[in-house]
Amino acid sequence: MPAGRTTGDRRTSAGSREIGRLGRLLRAMARQRIDLFVCTHLSNIRYLTGFSGSDAALLVSGDSVTLFTDGRYREQARQEVAGADVVIHDRKWSVLAKRIRRAGRTAGGGRPPNVGFESRALSVEGYRLLARGRGDSWKALPGLVESLRMRKDDGEIRAMEAAAVVASGALLQVLERGIRGRRESEVAAGLACGMKMEGAEEESFRAIVASGPRSAMPHAVPTGERIGMDDLVVIDLGARRRGYCSDETVTILPRRPRRELRRVHDAVRRAQEAGIRAVRPGVPCREVDARVRESLDRSGYLQYFVHSTGHGVGLEIHERPSLSVRSRDRLVEGMVVTVEPGVYIPGLGGVRIEDMIRVTGSGRDRLTYLPKSGPLAA
């Protein structure tokens, strides 16, 4: 594998979007009193530079931004990377360690440089190689870039809207063919194939298809069980377009559901509507969660709600902010969150209803479009 540095092999004009993001990162670094930042979380690298490869590291300072990867990604980096120099080397981690030490001699102004790193993404082995005994000047910053990613720009919103259209279209095609009598795994495979045929790069996560009593498991894995005529079915799916995810859940009732199933569905629908109404700029995320819980409490089902109300969506299926009791985040314009209450009753089944919601300047918009005002029946 050839070793060396690319010079003319990268994009000659950096994208203004990446330049703006790197500028915000540099300001965040200054607030943290960080001279250098080592970025190893691939979603963050893509956000900052446009690089979508599966093996890279990024070094950011006030003087330079450099992406380190190997020869497998030479051409990909040339086509994708904006706002950064690119170093191609088969021992990229050793080269990165040397670059950190060399950059530190100037960035620190004569003192050991303060180096920020992503403690959730950098392995212990990688940390030992890069820090080389100077760990006292290294600062764990697990969410520095993630905090920047919470607010989406128009391009990100359009990508998620496109992903939602693909996923919903695939589900409607599967429902049109019928799901009763088919295996859960067969329905899940049909969703995955349909999303690819509609233009998805991939699923944003493995689809959940859970029928009958198994629907009481929030993260049930599709099995070979056949979906019965009287089964309730929870389907949670998402697609990825231009790197960005969608996330949507529907609960499908039988044509003549038992009274208790309809009561549960109505309760979850009302709780979701209460949560969505609470979404607007300036509102603490935990308040949206509180509105959902109050609604389920009035219906008598709060004890069966076993997860948080929602989460951010973007380059990853679960991002900040979290709509939960413990969240310290506050909604601002440009955030995209899910609102997805669920009730899971062992032996009976579960109901979950989920939409992606964008926070606007004055309120909110839905990015997913399947109807939630009444139960889907199939």
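The values are calculated or read from the model by the stated rules, or taken from the named source; none is laboratory data. Treat the numbers as computed from the prediction; the structure is a model and nothing was measured. All Cβ positions, glycine included, derive from the backbone under ideal geometry; neighbour counts span all protein chains shown. SASA here: full protein model, heavy atoms, side chains in, ligands and nucleic acids out. Shrake-Rupley method; radii C 1.70, N 1.55, O 1.52, S 1.80 Å.
Excluding ligands, DNA and RNA, the accessible surface per residue across region 259-378 is 42 Å² with a 1.4 Å probe.
Per residue, the solvent-accessible area of region 147-230 (1.4 Å probe, heavy atoms of protein chains only, all protein chains present) comes to 46 Å².
The spacing between region 73-104 and region 148-191, judged by their C-alpha centroids, is 36 Å. Once you order the gyration tensor axes a ≥ b ≥ c over the Cα atoms, which shape class does the chain get: rounded for a/c under 1.5, otherwise prolate or oblate by comparing a/b with b/c? Because a/c hits 1.5 or more and a/b exceeds b/c, the chain counts as prolate. As an exercise, identify the GluC sites (Glu not before Pro) in region 202-257 lying in DSSP coil whose Cβ has no more than 14 other Cβ atoms within 10 Å. Those that pass, being in a loop and sparsely packed, number zero. Calculated mean residue ellipticity at 222 nm for the chain: -11500 deg cm²/dmol, from DSSP H runs with n ≥ 4 weighted as -39500 (n - 2.57), summed, divided by the residue count and rounded to 500. The C-alpha atoms of the chain define a longest principal axis, and helix 259-278 lies at about 40 degrees to it. Number of Lys pairs in the chain with C-alpha atoms less than 28 angstrom apart, excluding same-chain neighbours closer than eight positions? The result is 6. In a DSSP loop and with at most 15 other Cβ atoms within 10 Å, the trypsin sites (Lys or Arg not before Pro) in region 36-107 are Arg91. Could you tell me how many degrees, from 0 to 90 and to the nearest 10, lie between the Cα long axis of helix 184-197 and the main elongation axis, the longest principal axis, of the Cα atoms of the chain? Taking Cα atoms only, the helix is inclined about 50 degrees. Over the chain, what percent of the accessible surface lies on carbon and sulfur atoms, probe 1.4 Å? The computed percentage sits at 47. In region 275-378, what chymotrypsin sites (Phe, Trp or Tyr not before Pro) fall in a loop by DSSP, with at most 10 other Cβ atoms inside 10 Å? Those that pass, being in a loop and sparsely packed, number zero.
Treating the angle as unsigned and between 0 and 90°, give the value, to the nearest 10°, between the Cα long axis of helix 16-31 and the longest Cα principal axis of the chain. For helix 16-31, the angle is close to 80 degrees.
What fraction of the DSSP beta bridges in the chain is antiparallel, stated in percent and rounded to the nearest 5?
75 percent
What you get for the chain, charging only the Cβ of Lys and Arg (+1) and of Asp and Glu (-1), is a dipole of about 920 debye around the Cα centre.
Using a 1.4 angstrom probe, figure out how much accessible area region 48-89 has per residue, in square angstrom, rounded to the nearest whole. Don't skip to the end; give the middle numbers.
Values: 1320 Å² over 42 residues.
Averaged over the residues of region 48-89, the accessible area is 31 Å².
Indicate the gyration tensor shape class of region 305-378 (rounded, prolate or oblate), computed on the Cα atoms with a ≥ b ≥ c the square roots of the eigenvalues: a/c under 1.5 is rounded; otherwise a/b larger than b/c is prolate and the rest oblate. It comes out oblate by the Cα gyration axes.
When only C-alpha pairs under 8 Å and at least 6 residues apart count, what is the relative contact order of the chain, in percent? List each step's numbers first, then the result.
Details: 838 pairs, mean separation 51.8, N = 378.
Value for the chain: 14 percent.
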